[in-house]
Amino acid sequence: MKMFRKQFVHLSRVSTHLQRNAIAPCIASPAAEMSTNVAPAAADTSSAATNEFRTGVTNPGEHSELHVAKFYTIPVEEKKQIFSGGGLPKQYEQQIKTFTEACLMVRSPALELLQYIKNADLTNPAVRYVLYGDNGVGKTLTMAHVLHYGALNEFLLVHVPWAPNWMKRPKEAANSASQEGFIDLPFDAAAWLVHFKTQNAKLLGKLQLKTSKEYVWSKRESTPAGAPLMELVEHGIARIKYASETTAALLAELKQLASARQCKIMVAIDGFNAFFHPITRIFSDNKQRVTPERITLTQPFLDITNYDWTNGVCVLSVDKIAMTEGYMASYMPRYLLGKDGFEHLDPFVPVHVGNYTDKEFLSYINYYLDRHWISRAQPGFEEQLKFMSNMNPYTLMQLVRGL
Amino acid sequence: MATNLTRLLESSIRSTNAAAVQSSMRLFSNQQQQHQPEDDDEEFRVLNLRTIRQQARRREFKKEAVQPPRTKRMAVDQDWSAVWSGPRSFHPASVPLPLRQGYTERGAAAPSKYANAELMKIPNFLHLTPPAIRQQCEAIKKFCTPWPKGLETEAKWKRTFPLEVVTSDYCHSLPTIRNPEARRVKITLKLSDLQFDAHAKDKFLRLVGERFDRETGLLTFVTDRCPTRKQNYDYALYLLTACYHESFVTEPWEASKSEADMEQYLFERNQAKRSAEAILNWNASREEKVSPPSGYAESVEQLINEGENEYNIAKYKEEVLKLLKIAI
């Protein structure tokens with residue numbers, strides 16, 4: 001009910017959004033906003049509960065085996081809060097835009113992870129969960145599901161939407177002022193701070209977290225001990241030059257605060273194995289490629305995925321695409337992480353994300369039919385799609401995409 | 001008179017019959033009769049008074065009459081080992097078998113055994129018929145001693161005599177009876193018959209190198225560097241003994257074996273153990289330290305040594321969940 005009220009508070013903003021989509025009749029009742037009857041195509045479906053492939057339960061914490069292969073809708077506000085800085089694959093984002101609703105399918109890997117997180121004893125050292133699976137099976141969306149749970153359950157989110165971006169295409173690379181021989185990624189660090197801020201602004205305001213020590217950035221600039229954490233973030237965003245150092249300071253502070261039981265943290269890093277790739281595409285001053293550990297952002301994120309703190313949970317994914325040519329032979333975690341990465345994470349809980357089951361596949365087809373995305377289909381088209389896509393989620397999405 | 005006549009008739013019939021039988025079929029050795037041709041009546045000679053001067057005839061090359069094959073005269077119950085006593089190439093007249101061998105055009109029968117090079121080319125075992133072997137075994141039986149008691153089965157004598165020594169003897173009809181190959185000695189034994197600890201086994205296998213066959217588990221030493229067989233045998237035993245005892249010696253430099261030199265991942269000496277211990281002993285006092293469970297250690301070792309597959313990673317996951325006490 002509390003959530004419902006929260007929805008109602010933001011109703012005005014949502015209504016403008018909906019009016020832009022020319023579906024004014026639907027906002028008449030607040031219940032309509034909770035359900036999925038947003039798109040004009042779904043106007044004939046009476047309510048969400050009656051659809052066998054949808055569920056009205058929008059809180060991931062309440063999802064159970066009953067809801068497997070069913071779609072739930074992430075409310076627009078929450079989607080904006082969590083995923084505006086990334087976190088959903090680009091093409092899925094496009095699909096969301098087309099269908100005018102952010103629907104996620106409840107799948108067993110996410111349920112398994114949520115089960116672990118719910119049952120975990122937070123006074124123990126942080127448990128690292130590693131999602132692994134072949135290309136396009138839904139590792140990122142599984143992580144999105146878990147992130148949604150974290151956001152609703154007062155976890156501070158430390159979310160890196162796609163770590164290889166830092167190693168493969170950084171906006172700018174500069175020599176670090178504080179650490180000799182290291183490379184700063186000021187723009188990327190600042191962008192991450194913005195992402196952190198949008199995700200956690202509400203919770204940070206509520207928790208009133210303070211820095212533990214003074215940070216001196218330059219002769220004139222410093223952050224005193226006892227300053228709100230938000231001030232640190234704001235400083236990093238305003239002074240891009242110090243963004244990398246601010247990120248490091250922020251993550252160290254968060255780790256301390258969590259260990260002191262002032263907050264709980266969910267670390268979610270997609271493409272985590274990029275931190276252990278032998279080489280990056282960044283060149284140092286002497287025109288040599290630097291290794292990931294020479295990037296100032298790497299160490300703080302490795303520290304926060306270590307086991308030496310409590311009140312936290314780390315959801316990481318290892319991905320073939322995070323690697324480069326020659327390192328993509330297998331999708332297994334030990335191979336992708338390499339020796340160092342495995343030793344860093346061990347003991348971790350590997351969670352396999354696989355292709356759709358028959359039930360999930362049919363549910364997805366029904367969803368596409370419901371959205372009128374598949375229309376004028378010949379009988380038996382499901383079998384064809386099943387055969388052609390091998391029930392791989394990404395391949396299925398590509399097969400039915402618009403021209 | 002009449003009785004005389006009938007006797008004469010009978011004897012003449014018998015003789016013609018016997019001749020027919022003799023030519024068509026072979027008999028048992030005791031039935032064979034000696035057929036004596038009866039004297040023909042002497043021909044009345046013609047007196048030729050006119051001597052005709054004969055022309056000097058051309059000398060003709062006189063072929064010797066070919067004897068009928070010996071097989072025709074062989075009894076069916078003869079002692080075959082006397083006919084074919086040792087290894088020798090095929091001879092058609094000695095082998096009473098209707099053998100055929102060789103290639104002809106399609107449809108025709110294969111060439112018969114006479115003048116058949118194909119049959120002579122191939123080795124034959126006509127001297128090793130079961131009766132011949134039996135006969136020879138009987139002959140050498142008097143030199144044999146009884147089989148020792150308690151070594152009835154192969155498993156029993158393998159256990160009592162694990163070491164197997166193989167040497168070769170050579171027979172010559174030469175002025176010298178020595179053959180340089182005869183000095184070679186090969187000793188084999190199963191590695192499982194030796195007792196090692198983990199370090200000694202590792203070192204022993206490194207010392208013997210390719211003399212150990214991983215597939216069969218057999219250890220083989222071949223020695224031929226000394227001039228006599230006795231010396232080579234002693235040398236082979238010396239090698240085995242020396243390698244075995246050397247493998248139990250730990251040199252001071254062996255302690256400097258680093259992680260990169262390890263041929264297998266060992267949980268005990270890796271980060272995995274330190275991490276697991278740190279997590280298990282989080283907030284624990286110094287006394288009540290817990291060491292990681294052996295199941296977890298095994299699963300990590302298996303994951304890394306055997307490589308990743310669905311089974312190994314599932315086992316690892318199960319063990320980690322147990323280790324971290326996460327309720328499923």
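Each value in this text was obtained by applying a stated rule to the coordinates, not by laboratory testing. Computed from a predicted model, the values in this text were never measured in an experiment. Note that each Cβ is placed from the backbone with ideal geometry, even for glycine, and that neighbours are counted across all protein chains shown.
Values as computed for the structure displayed
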quantity: Principal semi-axes in Å for segment B:69-141 [√(5λ), Cα gyration tensor, largest first]; calculated: 28, 14, 10
quantity: With at most 10 neighbouring Cβ atoms within 10 Å, loop trypsin sites (Lys or Arg not before Pro) (DSSP) excluded, longest segment of chain A; calculated: A:1-218
quantity: Over chain B, equivalent-ellipsoid semi-axes from the Cα gyration tensor in Å; calculated: 87, 27, 23
quantity: Coil-residue chymotrypsin sites (Phe, Trp or Tyr not before Pro) of segment B:149-258, DSSP, other Cβ within 10 Å capped at 13; calculated: B:170, B:248
quantity: The protein assembly as shown - mean residue ellipticity at 222 nm from DSSP helices (-39,500 (n - 2.57) per run, n ≥ 4, rounded to 500); calculated: -12000 deg cm²/dmol
quantity: Over segment A:110-352: Rg over Rh, Cα atoms, Kirkwood Rh; calculated: 0.95
quantity: Folded to 0 to 90 degrees: helix B:229-246 orientation relative to chain B principal axis, Cα; calculated: 20
quantity: Linear extension gain, residue B:195 paired with residue B:239, 0.36 nm per residue minus alpha-carbon span; calculated: 14.2 nm
quantity: Unsatisfied cross-links (Cα-Cα over 32 Å) in the set A:70/A:320; A:168/B:325; A:80/A:320; A:97/B:322; A:197/B:315; calculated: A:168/B:325; A:97/B:322; A:197/B:315
quantity: Peptide ranges B:262-272, A:301-311, B:130-140 listed from the most packed, as the mean C-beta count within 10 angstrom indicates; calculated: A:301-311, B:262-272, B:130-140
quantity: Segment B:225-278 versus segment B:49-106: alpha-carbon centroid distance in Å; calculated: 72
quantity: Debye equation applied to the C-alpha atoms of segment B:148-230, log10 I(q)/I(0) at 0.15, 0.16, 0.21 Å⁻¹; calculated: -0.75, -0.81, -1.03
quantity: Backbone N under 15 Å from the residue B:158 label point (7 Å along Cα→Cβ), restricted to segment B:190-225; calculated: B:190-194, B:215-219
quantity: For residues of A:338-351, the mean tally of beta carbons on other chains within 10 Å; calculated: 5
quantity: Cα pair distances of segment B:113-156 binned at 5 Å [whole percent]; calculated: 5, 15, 12, 11, 13, 14, 10, 6, 6, 5, 2, 0
quantity: Alpha-carbon Debye profile of the protein assembly as shown, log10 I(q)/I(0) at 0.06, 0.10 Å⁻¹; calculated: -0.63, -1.09
quantity: Overall dimensions of segment A:258-403 by Cα: Rg and Dmax, Å; calculated: 20.6, 63
quantity: Burial ordering of B:166, A:57, fewest other beta-carbon atoms within 10 Å first; calculated: B:166, A:57
quantity: Alpha carbon convex hull of segment B:248-328, projected area averaged over orientations, nm²; calculated: 7.7
quantity: Rounded to whole Hz, the Karplus (6.51, -1.76, 1.60) HN-Hα couplings of segment A:60-67, x for glycine and proline; calculated: x, x, 9, 6, 9, 4, 4, 9
quantity: Equivalent-ellipsoid semi-axes of segment A:152-255, from the Cα gyration tensor, Å, largest first; calculated: 22, 19, 10
quantity: Length-normalised contact order of chain B in % [C-alpha pairs under 8 Å, at least 6 apart]; calculated: 8
quantity: Choice from B:207, B:97, B:163 showing the highest fluctuation, given a GNM over chain B with Cα pairs closer than 10 Å; calculated: B:97
quantity: Highest-fluctuation residue, A:173, A:225, A:243 considered, GNM on chain A with Cα pairs under 10 Å; calculated: A:225
quantity: Point-to-point label distance, residue A:283-residue A:98, nm (Cα→Cβ direction, 7 Å offset); calculated: 4.0
quantity: For residues of B:303-313, the mean tally of beta carbons on other chains within 10 Å; calculated: 3
quantity: Segment B:43-188 - Rg and Dmax from Cα coordinates, angstrom; calculated: 28.8, 101
